[in-house]
Amino acid sequence: TDGVANWAASATFTNAGAYQSYYRIRIPGEYPTNSGTIDTQLYAIAQNICNLDTAGTPGYSTVRKPVLIHCIAYGSLFDPAISGGASAARTSALQILQQVQYIGKTQASASTPLPSYKQIIGSADQRITLIQQAFQKIMQDSVSVTLIE
């Protein structure tokens, strides 16, 4: 993602038990309403996904196999040469991605910078190379990876 969450939405969480729960988003006649802050919503969704499958709001983690969330910062927003280095949008987007990784247990602290191999910037050819390297490193976590669009 470019990390810039810019439209709040609220959708009902349907607790149908372990591995069956979901958010009612974009189901015909069930469109989300705008509410809350975007970052808070993102963190809550990440936490719900990471919850144990035995929790009151069941997630997809088990004691033996916790969910891991990896974030990839993609695009010119993250390129210091284009975005002016420390732009407010870049800083905010990186903080959101770092917090999601912290919730998803792929970094020890939300204040830890996003690893450089997860920042996909540069020319088209450079981005291709960098994203290949990022996926190779992520796949070495020895845990199944699901891509969510």
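Structure notes:
- In this rough spin-label picture, where each label sits 7 Å from Cα along the Cβ direction, the K105-T54 distance is 1.4 nm.
- FRET efficiency for the T129 to Q95 pair, using the beta carbon distance and R₀ = 35 Å, is estimated at 0.85.
- Largest first, the residues S61, S116 sort by 1.4 Å accessible area into S116, S61.
The values are calculated or read from the model by the stated rules, or taken from the named source; none is laboratory data. Small disclaimer: the values here were computed from a predicted structure and weren't measured. With ideal geometry, Cβ positions are generated from the backbone for all residues, glycine too; neighbour counts draw on all protein chains shown. Surface areas here come from the heavy atoms of the whole protein model, side chains and all, with no ligands, DNA or RNA. Shrake-Rupley method; radii C 1.70, N 1.55, O 1.52, S 1.80 Å.
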